[in-house]
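Peer 1: Supplied in structure tokens, the structure appears directly below.
The values are calculated or read from the model by the stated rules, or taken from the named source; none is laboratory data. As the structure is a computational prediction, the values presented were derived from the model and not from experiment. With ideal geometry, Cβ positions are generated from the backbone for all residues, glycine too; neighbour counts draw on all protein chains shown. Ligands, DNA and RNA are excluded from the accessible area calculation, which covers all protein heavy atoms including side chains. Shrake-Rupley method; radii C 1.70, N 1.55, O 1.52, S 1.80 Å.
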Amino acid sequence: MLHYFFKKNMRLLNSKSFQYIFNQPNIQSTLEMSVFGRMNFLEHPRLGLIIPRKNVRYAHNRNLIKRLIRETFRMLQYKLISMDFIVTVRKHTLRLSNKKIITILQNLWLHYYR
């Protein structure tokens, strides 16, 4: 039975992890967001988020976008290969509905399926 949790070991927590990905990333992007990925030596994928205040001004909007990203990652974590991922968001994301954001994320995650 699969458990769809998003525990602490599924997160990128320090700047060394982020820097490791940015050194040699595998990039998938749209006009609204980008996913940077790099292979890790763990048995599971991990997720990091970068949502700058410059791009998404209000905290409640940033939190909503973070929740949507985490939820799509949580539901697809068993289909994803063992990589570290960073999702960045651009200004155009605020104009989209939640459904549209979820479909964009699912299409970006498709490139990293097993």
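Peer 1: Out of everything in the range 77-102 that is free of Cβ contacts under 8 Å to residues at least 60 places away in the same chain and β-branched (Val, Ile, Thr), what residue ends up being farthest from ARG11 (Cα to Cα)?
Peer 2: My answer is ILE102.
Peer 1: Right, here's the next one. Could you check how many residues of the range 51-70 are open to solvent by 50 Å² or more (accessible area, probe 1.4 Å) and in contact with a helix residue (DSSP H, G or I) (Cβ under 8 Å, 6 or more places away or on another chain)?
Peer 2: Within the range 51-70, residues that are open to solvent by 50 Å² or more (accessible area, probe 1.4 Å) and in contact with a helix residue (DSSP H, G or I) (Cβ under 8 Å, 6 or more places away or on another chain) number 2.
Peer 1: May I ask you to list the residues in the range 58-114 that are small (Gly, Ala, Ser) and at pLDDT below 90? Let's see the steps before the verdict.
Peer 2: Looking only at the range 58-114, we keep the residues that are small (Gly, Ala, Ser), and these are 59, 82, 97.
SER82 - this is the single residue of the range 58-114 that is small (Gly, Ala, Ser) and at pLDDT below 90.
Peer 1: Can you tell me which residues in the range 18-35 are open to solvent by 50 Å² or more (accessible area, probe 1.4 Å), in a strand (DSSP E or B) and under 15 Å from ILE51 (Cα atoms)?
Peer 2: The one that is open to solvent by 50 Å² or more (accessible area, probe 1.4 Å), in a strand (DSSP E or B) and under 15 Å from ILE51 (Cα atoms): SER29.
Peer 1: Name the one entry in ARG38, ARG67, ARG62, ARG74 that is in contact (Cβ under 8 Å) with a residue 40 or more places away in the chain and part of a helix (DSSP H, G or I).
Peer 2: Numbers: ARG38 fails: part of a helix (DSSP H, G or I); ARG67 fails: in contact (Cβ under 8 Å) with a residue 40 or more places away in the chain; ARG62 fails: in contact (Cβ under 8 Å) with a residue 40 or more places away in the chain.
Exactly one of ARG38, ARG67, ARG62, ARG74 is in contact (Cβ under 8 Å) with a residue 40 or more places away in the chain and part of a helix (DSSP H, G or I), namely ARG74.
Peer 1: For TRP109, which of the numbered conditions (1) within 15 Å of THR30 (Cβ to Cβ); (2) open to solvent by 20 Å² or more (accessible area, probe 1.4 Å) fails to hold?
Peer 2: Here TRP109 meets the rest and fails (2).
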